[in-house]
1. For region 76-122, just the Cα set please: Rg and Dmax, both in angstrom.
2. At q = 0.14 Å⁻¹, what log₁₀ I(q)/I(0) does a Debye calculation on the Cα points of region 24-74 give, no solvent, two decimals?
3. Within 14 Å, Cβ to Cβ, of residue 115, how many net charges do the neighbouring residues add up to if Lys/Arg are +1 and Asp/Glu are -1?
Amino acid sequence: MKLLKLAMIVIFFAAAPTWAGSLTGPQENAVRSAQQYLSISGFSRSGLIEQLSSDYGDGYKVSDATVAVDSLNIDWNKQAIRSAKQYLSISGFSCNGLINQLSSSAGDKYTESQARYGAQQAGAC
């Protein structure tokens with residue numbers, strides 16, 4: 001019973017910022033920027049945060065970009081499929097090559113499992 005109570009408290013506090021609508025002005029702006037990027041292309045969580053916070057991107061603070069991205073309900077597996085299909089539409093990739101591109105720190109920065117899922121669902125494997 002104590003474990004269930006503790007789990008409920010953790011869930012409540014983890015979700016509280018979204019429930020409370022407590023985003024700051026910069027975070028709300030970062031949300032809008034993130035939504036614009038997602039309307040154009042597939043992004044991993046790390047890639048989107050980097051795009052929003054990079055000096056070559058939008059220049060938001062990493063903390064604001066992270067809160068903004070985490071406040072959105074994004075299916076990262078679907079984003080990985082989208083990115084994989086975009087790559088396959090412009091070039092040929094082996095299964096492993098596409099997984100490496102999607103998961104590389106110099107590439108899209110998806111997790112290994114998201115990259116594998118994306119490559120498989122896009123038909124590269």
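FYI, it's all coordinate maths here, none of it is from the lab. Owing to the predicted nature of the structure, the values given are computational and were not obtained by experimental measurement. Here the Cβ positions follow ideal geometry from the backbone for every residue, glycine too, while neighbour counts run over all protein chains shown.
1. Considering region 76-122 through its Cα atoms, Rg and Dmax are 8.8, 23 Å.
2. -0.25
3. +4
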